[in-house]
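Visitor: Structure in structure tokens, see below.
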Amino acid sequence: IEDNVGNRALVKRILEAEGYSVEEAVDGPSGLKMAAEKQFDLILLDINLPEIDGYDLARRLRSMPNLQSVPILAVTANVMQGDRERTLAAGCNGYIQKPIDVDRLPDQVNAALQKGRT
């Protein structure tokens, strides 16, 4: 769930090259709708979104029965002291800092998926 088209394209290109299937939501409301209609293995969530910020969105996603055990990774440029803790407190399982490290992203996603299966 990312409002920036360039960031969405980058993540999609990287993860599809690794064999992952990627679905895109451009904002919080569309992300909530998709999450209610489909089953996902992992959600990447931008924190600075219009309409519904990522913190509130994470809490809403966590309240959905089908997503309670699905890993949610915050992807954000928020790197001030306390930002990581705030994302985790909102229900995210991890935190990926922007700008996205294209070499590390597949490993970060795979690690989150492996944790989610245990």
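Here, each number is a calculation from the coordinates, and none is a lab measurement. Everything quoted here is computed from the prediction, not taken from an experiment. Neighbour counts run over all protein chains shown; Cβ positions are idealised from the backbone, glycine included.
Visitor: According to the square roots a ≥ b ≥ c of the eigenvalues of the Cα gyration tensor, what is the shape class of segment 1-62, taking rounded for a/c under 1.5, prolate for a/b larger than b/c otherwise, and oblate for the remainder?
Guide: The shape class here is oblate.
Visitor: What are the ³J(HN,Hα) couplings of segment 69-83, residue after residue, when phi is run through the Karplus curve with 6.51, -1.76, 1.60 and θ = phi - 60°? Round to Hz, x for glycine and proline.
Guide: 10, 7, x, 10, 10, 6, 10, 8, 8, 6, 10, 6, 4, x, 5
Visitor: If the viscosity is 0.890 mPa s and the temperature 25 °C, what Stokes-Einstein diffusion coefficient in µm²/s follows for the chain when Rh is the Kirkwood radius over Cα pairs? Show your work: numbers first, answer last.
Guide: Working: Rh = 14.1 Å.
Rounded to a whole number, D works out at 174 µm²/s.
Visitor: Cα-Cα over 23 Å: which of 12/38; 33/98; 38/115?
Guide: Exceeds cut-off: 33/98.
Visitor: Extent of segment 31-90 along each principal axis, from alpha carbon coordinates, in Å, largest to smallest?
Guide: The principal-axis extents, from largest down, are 35, 23, 16 Å.
Visitor: Springs between alpha-carbon atoms under 10 Å, Gaussian network over the chain: tell me which of 42, 105, 61 tops the mean-square fluctuations.
Guide: Per the Cα network of the chain with a 10 Å cutoff, 105 tops the list.
Visitor: Hey, another quick one. If the chain between residue 18 and residue 48 were fully stretched, how many nm would it gain, using 0.36 nm times the residue separation less the Cα-Cα distance?
Guide: So the chain would gain 8.2 nm between residue 18 and residue 48.
Visitor: On to the next question. Work out how far the C-alpha atoms of segment 61-116 reach from end to end along every principal axis, then list the three figures in whole Å, largest first.
Guide: 32, 25, 13
Visitor: Follow-up. Could you run the Karplus curve 6.51 cos²θ - 1.76 cosθ + 1.60 with θ = phi - 60° over segment 36-41 and give me ³J(HN,Hα) per residue in whole Hz, x for Gly and Pro?
Guide: Result, rounded to whole Hz: 6, 9, 10, 9, 10, 8.
Visitor: I've got another one for you. How about segment 1-91: which trypsin sites (Lys or Arg not before Pro) there are in a DSSP loop, with at most 15 other Cβ atoms within 10 Å of their Cβ?
Guide: 38
Visitor: Between residue 95 and residues 5 or more places away or on another chain, which pairs have amide H atoms under 5 Å apart, with H built 1.01 Å from N, and which residues are they?
Guide: Amide H neighbours of residue 95: 74.
Visitor: Can you tell me the order of 43-56, 16-29 when each peptide is scored by its average per-residue count of other Cβ atoms within 10 angstrom, highest first?
Guide: Numbers: 43-56: 19.4, 16-29: 13.9.
For the peptides 43-56, 16-29, the packing ranking is 43-56, 16-29.
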